[in-house]
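Presented below is the structure to which this report refers.
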Amino acid sequence: MQESIVLGLDDGGDRKVYYRRMAFVVIARFTAKAGHESRLREVLSALVAPTRAEAGCLHYEMVQRQDDPRMFTFYEKWEDEPSLMAHAQSPHVVRARAERADLLDGPHEASRWDLVG
């Protein structure tokens, strides 16, 4: 895959931000408060179908940990940074962010990974 540069959003200051136009992976983890596993699963599961239909979404999978059902992980593969930025502002993500607020046991974790092989 060839790398190119695209102009990103202004960072709020007087400079422009540039992003690599290259596929990457996001791993996002969520932990439900005790007793809220089913509701958090519903909220997070509602993200799967609309996200898979988004431009730039190459893969989007949600899993639940077998030995701790309070834990959910998303494996996401995105075409480029602008695709992920659009996803973060999509109506289904904005809605889920509000709905999950009282269901989480602490903040969620998200990390980005480069594809190496």
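For the reader, a short list of remarks on this structure follows.
- Residue check for Glu54: modelled with pLDDT of 95 or more and in contact with a Pro (Cβ under 6 Å, 6 or more places away or on another chain): no
- Glu54, sole failed condition from (1) in a loop (DSSP other than H, G, I, E, B); (2) loosely packed, with under 14 Cβ neighbours inside 10 Å; (3) touching a Phe, Trp or Tyr at 6+ places or on another chain (Cβ under 9 Å): (2)
- All positions within the range 71-97 that are touching a His at 6+ places or on another chain (Cβ under 8 Å) and not in a strand (DSSP E or B): Val93
- Any chance Arg39 is under 14 Å from Arg100 (Cβ atoms), among the charged types (D, E, K, R) and surrounded by 12 or more Cβ atoms within 10 Å (Cβ to Cβ): yes
- Number of residues in the range 13-27 that are modelled with pLDDT of 75 or more and crowded, with 16+ Cβ neighbours inside 10 Å: the value is 4.
- Residue within the range 98-106 that is of a type outside the set (D, E, K, R) and touching an Asp or Glu at 6+ places or on another chain (Cβ under 8 Å) present: no
- Pairs meeting the criteria (first residue in the range 50-76 and in contact (Cβ under 8 Å) with a residue 12 or more places away in the chain, second residue among the hydroxyl-bearing types (Ser, Thr, Tyr) and part of a loop (DSSP other than H, G, I, E, B), beta carbons under 7 Å, at least 6 apart or on different chains) are Glu54/Ser90.
- Residue selected from the range 98-116 under the condition assigned to a helix (DSSP H, G or I) and surrounded by 12 or more Cβ atoms within 10 Å (Cβ to Cβ), by the criterion farthest from the chain's Cα centre (by Cα): Glu99
- Which numbered condition Ala88 misses (of (1) among the small types (Gly, Ala, Ser); (2) within 19 Å of Glu109 (Cβ to Cβ); (3) surrounded by 13 or more Cβ atoms within 10 Å (Cβ to Cβ)): (3)
The values are calculated or read from the model by the stated rules, or taken from the named source; none is laboratory data. Here the structure is a predicted model, which is why all the values come from computation and not from measurement. Virtual Cβ from ideal backbone geometry, glycine too; neighbours counted across all protein chains shown.
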